[in-house]
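Have a look at the structure below, then the notes.
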4 protein chains.
Amino acid sequence: MQIAMIGLGRMGANMVRRLMKAGHECVVYNRSPAAVDALVKEGATGSTSIKELVSKLKAPRAVWMMVPAGAVDATIQELQQSLEAGDIVIDGGNSYYVDDLRRSKAVGDAKLKWADVGTSGGVFGLERGYCLMIGGEKETVQYLDPIFKALAPGRGTVDRTPGRENATETTTAEEGYLHCGPAGAGHFVKMVHNGIEYGIMAAYAEGLNILKHANVGNTQETFDAETAPMREPDHYKYDMPVPEIAEVWRRGSVVSSWLLDLTAAALVESPELKDFSGRVSDSGEGRWTTIAAIDEGVPADVLSAALFARFTSQSNAVYANKLLSAMRFQFGGHKEKTS
Amino acid sequence: MQIAMIGLGRMGANMVRRLMKAGHECVVYNRSPAAVDALVKEGATGSTSIKELVSKLKAPRAVWMMVPAGAVDATIQELQQSLEAGDIVIDGGNSYYVDDLRRSKAVGDAKLKWADVGTSGGVFGLERGYCLMIGGEKETVQYLDPIFKALAPGRGTVDRTPGRENATETTTAEEGYLHCGPAGAGHFVKMVHNGIEYGIMAAYAEGLNILKHANVGNTQETFDAETAPMREPDHYKYDMPVPEIAEVWRRGSVVSSWLLDLTAAALVESPELKDFSGRVSDSGEGRWTTIAAIDEGVPADVLSAALFARFTSQSNAVYANKLLSAMRFQFGGHKEKTS
Amino acid sequence: MQIAMIGLGRMGANMVRRLMKAGHECVVYNRSPAAVDALVKEGATGSTSIKELVSKLKAPRAVWMMVPAGAVDATIQELQQSLEAGDIVIDGGNSYYVDDLRRSKAVGDAKLKWADVGTSGGVFGLERGYCLMIGGEKETVQYLDPIFKALAPGRGTVDRTPGRENATETTTAEEGYLHCGPAGAGHFVKMVHNGIEYGIMAAYAEGLNILKHANVGNTQETFDAETAPMREPDHYKYDMPVPEIAEVWRRGSVVSSWLLDLTAAALVESPELKDFSGRVSDSGEGRWTTIAAIDEGVPADVLSAALFARFTSQSNAVYANKLLSAMRFQFGGHKEKTS
Amino acid sequence: MQIAMIGLGRMGANMVRRLMKAGHECVVYNRSPAAVDALVKEGATGSTSIKELVSKLKAPRAVWMMVPAGAVDATIQELQQSLEAGDIVIDGGNSYYVDDLRRSKAVGDAKLKWADVGTSGGVFGLERGYCLMIGGEKETVQYLDPIFKALAPGRGTVDRTPGRENATETTTAEEGYLHCGPAGAGHFVKMVHNGIEYGIMAAYAEGLNILKHANVGNTQETFDAETAPMREPDHYKYDMPVPEIAEVWRRGSVVSSWLLDLTAAALVESPELKDFSGRVSDSGEGRWTTIAAIDEGVPADVLSAALFARFTSQSNAVYANKLLSAMRFQFGGHKEKTS
């Protein structure tokens, strides 16, 4: 079927490629024309404006936006000037589901249809397919089914979940895409997905860090009042082969996962991770997940700890730590260690 | 080669089966003879005592213990009465690596060799193979290589880590077993492995719990001084299909993992997890991992939060929570909500 | 000076009493007239409607609202119908500072003045005075200074902070009230105050809970695969006198505080805290504090952990814990412990 | 009564002063003689060796050790050569209660008596008195009562806990010292005391850090893929007067405490805490408290988070954070932000 794509960054462009490979007809637009030209060479229909893009579509038009979060509202506004009743606006970016609620209502008031699609897969999606979490009305989502099917990984070589073979009705979940609920549900599920991702990443990072420091018993002990002495240095004299440990866990262990695969790959490239300094960025989803937990009144100890560790890595706890040192100095005369 | 196995519980018995399938000769012993008989029927050599077991082995003897943590010291003591210089004692159970340090020294004083093997794979190990993390002297570990190779999963269908193809020297990590370091190193790595496992499990559990409660905006709001009112109930009106969401993440998403596979399977069996009440046990490794982090002076926010959530699920925070309610009553006259 | 009070619950009524004791003239209104009558008997001027209340005030009128968060907007709306340019609306309740931003703007558009006052002190405020955190324009706050001074504790017997004696300009902070910044600043500071309160309460609760369980080495050990055995039961055979410990820390220790005083009092009343079951409520401020931390990108590990412990005490982690048990059953065949 | 003090550092010397002020006779020893000389001038009896110190005491001798944790065993060994049956060895330092269990047994085998005393009060103890948490046999503790009474703060100006006035039997807890249980109980309670101290300190530090960053909405927003954009910068445009806020909370608020007093003092000295960089040391007690919680199986989310924040401030999470950045680069091509 025909689909339009606005926003041809790494994600958007690769999605177009995957769609064309599956036989779909793609009309594309991007603010900078070079990205359009590249895809035109690969078979897409190009356009130099959103208006032109819309003009090249047959009703009901389906327009997939893959633009930065800050550009979504402007793109929708421009689309509303050209689209007609029954056309579909799809937000496949990393929007906050709360914005979906507002936007889907505005779009609906203009008789347009809405779908929000949380997309996971990163730079591997072109080849592996994209895991899609979809929000919107049932009819809209069903209409777009061929698009979702093409983008999704499909069953592939992943073993079927025991019990699924007896299910009387099948769902698309096994194909790697899922209609999660009404408008916003797609980005809500993607938000939580990323929150979980933060937690899993932190679990590996903390554990491997413990292994990395398993040789602290070998280091020259500092004897001063500001350092807690090790009671059992002999328990911590291991030089652990961290890259090999990450590798061995990939097969047969309970902690095998795709994130572990990536960790093992990073450690092969550089066992000491020399390209990184340890300043870890965070994007909106990790924050929103904890906020959702708080709004719902459910605990998120692990997910929030993973988030806060990133904040701390960004040097945002310095004032708090200065306060702790200042209190210690006040009550005990403790000076800060300088080394 | 020939190997002895003491302890024929689920793990020990299945390991014997996997070893025999690979052509190894297994001499087995178990406190209750039924387990011995069963394996004898499958081709193992049985014995009715540790002494007899040892007598059936050719030097250098290799004896693998797969017994409860509380029975290891007694088993070693009994073995020392029969084994001879150069024989090998292997602890494949869930021992604390700190005990390995003591035991390997005692065993070494008796001229015996030592290996400790952390084993992951659970009930799936017979078929998938066991991920093995090994501690001990290099010569001992190399001597046992055929045994480890047979128990381990091998490369299987898991994609090779990019960069490994150019490695000048290969390691057994890609086969699913690894010599991690001297005595204790195997159980140390297994300990941290389980600590990570707690963290990953908690990440999924917290995230799916947030999805499960995404409909709190639909519940009749209680208006009382002891309940924080929802500011935006309209943001939380989703009835999320949690079992389908776990399934869809299995393909193409960043959070795919073996633990997610198991979660998806559990949710197919019972979407409401009706066989469980939420009292989560913990075993030693999760505790020891956090203690190791503390001894090393490295943070373990996520791993400890996962551990403490289990303690709380075991009702061990009740007194602390009573104190909180009592303080609230003292300063604000707040009564506890009863429902 | 003259001041009006709307909302004569425990907090509002006691504030009127403290104001009258300081010689201020109070005009009061409450939805249910009994509370009005009671204060009229003590010297206040009563009123049966907001309109009447306003009619009894001299310009510039100052109206202090002490009403539930859910009633603030309606009260302001009604006030706007009677008040005149230059009159002052004061929100002394537990409002979200984000609402202050909106309300102060609306009030300002109607040429009224705004102040928001976070109030700490609870049921002890009548006697000890209320700690006041104030937001609003400088002129407004200065105009109300006599009111704030009367409500605040004053210097009292609290030792002066070293270094303050040399300050060239004094602030009202030493009197127990403070102009924190523009509209919203008062409730922002109060919000964080309560967030800190949660953290301190949790610190005591966790610590005393550790003391309470210092006798676990005496309990009959359960030997089963689902219970981690204690390595050193002899280290945990103390029957700690928790109420006495809370008392002894009140004098000379680093952890002495008002919350400790209250804890000691609660433990005298009932060492086992028999009136409480351990379901701990939370109000908005604790939630908003963590959300503010997330918005700012600063870590709040302790404050959020304190918040989440309350959520868990409200049984909101049950589904998460069921998932953990279900995963354990999947990979290890572990059954839940029932006792 | 007569008492000996070994170790005349800041704590030991001031305790001698406080004891002499109360009329007790102090025999003192210190490795470096200058500290002995100073106290001799103030009225103490000096000695140049432990042997000489013991020789100057009348039986039953009471010897209080106030030496670094690493020197306790050697001091006890030396004492055992001079002391006689019935003499008392007191460890008033920051020892691990687990060592008390071992040492009290060894001392008891030599027919000596044992007391362990956890001491809080820091540099203020000379004037305010020391809060004492005591472990040992009842008779020993009672014999030393005059010493404890002299060191402790006494009731002072602290309000009596409501309910205590009706108690049929009084305890010394109101005087600021307490016999907590058998050997080790004193240091166990002190350990938890310090664990709580970490938690309270962190609660203030996190809260004040949130206030400090309440102006992030004013900072020039960076628009890049590695920075989560602020949704509501207008909510974070407060320049909070942090030193004044700490001060205002000291009177009438729920979070008033001695640690807050110290915080307020530090902020008067330097509002930006310019003498500190934010590297926060930790001593043994904070670590041991969390280990005790783990051994007991009770949650310590807040206390451990406070501990781990210190570890992170000591740069011990860098490798973990590098791993997170490396994973992000692997799956999303995210580069680390350099500024």
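Any residue in the stretch C:317-332 that is farther than 30 Å from D:A183 by Cβ and outside any helix (DSSP H, G or I)? Step through it out loud before you land on a result.
The initial filter retains those residues of the stretch C:317-332 that are farther than 30 Å from D:A183 by Cβ, namely C:317-332.
Right, trim to outside any helix (DSSP H, G or I) and you get C:317.
Yes, the conditions are met somewhere in the stretch C:317-332.
Pick out the one residue from C:G252, C:G217 that is of a type outside the set (F, W, Y), outside the structural domain of C:T119 (by the TED database), open to solvent by less than 20 Å² (accessible area, probe 1.4 Å) and touching a Cys at 6+ places or on another chain (Cβ under 6 Å).
Working: C:G217 fails: touching a Cys at 6+ places or on another chain (Cβ under 6 Å).
From the options C:G252, C:G217, the qualifying one is C:G252.
Just one of the numbered conditions (1) free of Cβ contacts under 8 Å to residues at least 12 places away in the same chain; (2) in a helix (DSSP H, G or I); (3) under 20 Å from A:A202 (Cβ atoms); (4) not β-branched (V, I, T) is not true of D:R310; which one?
It fails just one condition, (1).
So which residues in the stretch B:143-166 are of a type outside the set (V, I, T), surrounded by 12 or more Cβ atoms within 10 Å (Cβ to Cβ) and more than 17 Å from A:A246 (Cα to Cα)?
Correct list: B:Y143, B:L144, B:D145, B:P146, B:F148, B:K149, B:A150, B:L151.
Restricting attention to the stretch B:75-97, does a residue exist that is of a type in the set (G, A, S), without any contact (Cβ under 8 Å) to a residue 12 or more places away in the chain and more than 20 Å from B:G122 (Cβ to Cβ)?
no
Within the stretch D:256-273, is there a residue that is within 28 Å of C:S120 (Cβ to Cβ), open to solvent by 10 Å² or more (accessible area, probe 1.4 Å) and among the aromatic types (F, W, Y)?
Within the stretch D:256-273, one or more residues are within 28 Å of C:S120 (Cβ to Cβ), open to solvent by 10 Å² or more (accessible area, probe 1.4 Å) and among the aromatic types (F, W, Y).
Does B:G70 qualify as being touching a strand residue (DSSP E or B) at 6+ places or on another chain (Cβ under 6 Å), under 26 Å from B:I291 (Cβ atoms) and either in the same structural domain as B:G23 (by the TED database) or not aliphatic (A, V, I, L, M) (or both)?
Judged against the criteria, B:G70 is not a match.
What's the total number of residues in the stretch B:52-77 that are surrounded by 14 or more Cβ atoms within 10 Å (Cβ to Cβ) and either among the basic types (K, R) or outside any helix (DSSP H, G or I) (or both)?
Going through the stretch B:52-77 one residue at a time, the tally reaches 11.
Being assigned to a helix (DSSP H, G or I) and of a type in the set (A, V, I, L, M, F, W, C) is the filter; apply it to the stretch D:91-112 and report the residue that is least open to solvent (accessible area, probe 1.4 Å).
We begin by selecting, within the stretch D:91-112, every residue assigned to a helix (DSSP H, G or I); these are D:97-109.
Still in the list and also of a type in the set (A, V, I, L, M, F, W, C): D:98, D:101, D:106-107.
Working: D:V98: 27, D:L101: 49, D:A106: 51, D:V107: 0 Å².
Result: D:V107.
Among the residues of the stretch C:177-199, count how many are at the interface with chain D (Cβ under 7 Å from one of its Cβ atoms) and not aliphatic (A, V, I, L, M).
Start the filter on the stretch C:177-199 by keeping residues that are at the interface with chain D (Cβ under 7 Å from one of its Cβ atoms), which leaves C:177-178, C:180-181, C:185, C:188-189, C:192-193, C:195-197, C:199.
Still in the list and also not aliphatic (A, V, I, L, M): C:177, C:180-181, C:188, C:193, C:195, C:197, C:199.
Number of matching residues: 8.
Got at least one residue in the stretch D:115-126 being among the acidic types (D, E), assigned by the TED database to the domain that holds D:A22 and in a helix (DSSP H, G or I)? Quick ask: steps written out before the conclusion?
Pass one, the stretch D:115-126, residues among the acidic types (D, E): D:116.
Restricting the remaining residues to those that are assigned by the TED database to the domain that holds D:A22 gives D:116.
Subsequent filtering for residues that are in a helix (DSSP H, G or I) retains none.
No, the conditions are met nowhere in the stretch D:115-126.
So which residues in the stretch C:97-119 are of a type in the set (D, E) and either under 26 Å from the mean Cα position of the chain (by Cα) or on the phi > 0 side of the Ramachandran plot (or both)?
The answer is C:D99, C:D100, C:D116.
Condition check: of a type in the set (D, E) and either more than 12 Å from chain C (Cβ to nearest Cβ) or open to solvent by 10 Å² or more (accessible area, probe 1.4 Å) (or both). Does D:E174 satisfy that? So that I can check it myself, show each step before the final result.
Working: of a type in the set (D, E): yes; either more than 12 Å from chain C (Cβ to nearest Cβ) or open to solvent by 10 Å² or more (accessible area, probe 1.4 Å) (or both): no.
No.
Which numbered condition trips up B:S82, out of (1) within 14 Å of chain A (Cβ to nearest Cβ); (2) out of contact with any strand residue (DSSP E or B) (no Cβ under 8 Å at 6 or more places or on another chain); (3) open to solvent by less than 40 Å² (accessible area, probe 1.4 Å)?
Condition (1) is where B:S82 drops out.
Residues checked against (1) assigned to a loop (DSSP other than H, G, I, E, B); (2) not small (G, A, S):
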position: D:I245; (1), (2): no, yes
position: D:R251; (1), (2): yes, yes
position: D:V254; (1), (2): yes, yes
position: D:D261; (1), (2): no, yes
position: D:D282; (1), (2): yes, yes
position: D:R287; (1), (2): no, yes
position: D:A293; (1), (2): no, no
position: D:V302; (1), (2): no, yes
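Name, by its number, the condition in (1) open to solvent by 20 Å² or more (accessible area, probe 1.4 Å); (2) under 22 Å from the mean Cα position of the chain (by Cα); (3) more than 7 Å from chain B (Cβ to nearest Cβ); (4) among the small types (G, A, S) that does not hold for C:S283.
(3)
How about the stretch A:29-45: which of its residues are buried (at least 21 other Cβ atoms within 10 Å of the Cβ) and within 20 Å of A:A69 (Cβ to Cβ)?
Selection gives A:Y29, A:N30.
Mind checking which residues of the stretch B:179-209 are without any contact (Cβ under 8 Å) to a residue 60 or more places away in the chain, open to solvent by less than 10 Å² (accessible area, probe 1.4 Å) and over 26 Å from A:D301 (Cα atoms)?
B:C180 - this is the single residue of the stretch B:179-209 that is without any contact (Cβ under 8 Å) to a residue 60 or more places away in the chain, open to solvent by less than 10 Å² (accessible area, probe 1.4 Å) and over 26 Å from A:D301 (Cα atoms).
In the stretch D:132-171, what residues are facing another protein chain (nearest Cβ under 9 Å), part of a loop (DSSP other than H, G, I, E, B) and within 15 Å of D:G181 (Cα to Cα)?
The one that is facing another protein chain (nearest Cβ under 9 Å), part of a loop (DSSP other than H, G, I, E, B) and within 15 Å of D:G181 (Cα to Cα): D:T171.
State whether the residues of the stretch A:310-327 include one that is open to solvent by 20 Å² or more (accessible area, probe 1.4 Å), more than 7 Å from chain D (Cβ to nearest Cβ) and of a type in the set (G, A, S).
yes
For A:Y236, all conditions in the list (1) open to solvent by less than 10 Å² (accessible area, probe 1.4 Å); (2) in contact with a strand residue (DSSP E or B) (Cβ under 6 Å, 6 or more places away or on another chain); (3) hydroxyl-bearing (S, T, Y) hold save one; what is the number of the exception?
So the condition that A:Y236 fails would be (2).
Just give me the residues in the stretch A:110-131 being at the interface with chain B (Cβ under 10 Å from one of its Cβ atoms), of a type in the set (F, W, Y) and more than 14 Å from A:G154 (Cα to Cα), in sequence order.
Result: A:F124, single match.
Would you mind telling me which numbered condition in (1) crowded, with 22+ Cβ neighbours inside 10 Å; (2) assigned to a loop (DSSP other than H, G, I, E, B) A:G23 fails?
The single condition A:G23 does not satisfy is (1).
All but one of (1) assigned to a helix (DSSP H, G or I); (2) open to solvent by 10 Å² or more (accessible area, probe 1.4 Å); (3) not assigned by the TED database to the domain that holds D:N209 hold for D:K335; state the number of the condition that does not hold.
For D:K335, the failing item is (1).
What do you reckon, is A:E296 farther than 25 Å from D:V242 by Cα, among the charged types (D, E, K, R) and open to solvent by less than 10 Å² (accessible area, probe 1.4 Å)?
no
The values are calculated or read from the model by the stated rules, or taken from the named source; none is laboratory data. None of these values were measured; they are calculated from a predicted model. Cβ: placed from backbone, ideal geometry, glycine included. Neighbour counts: every protein chain shown. These area figures cover heavy atoms from the full protein model, side chains too; ligands, DNA and RNA do not enter into them. Shrake-Rupley method; radii C 1.70, N 1.55, O 1.52, S 1.80 Å.
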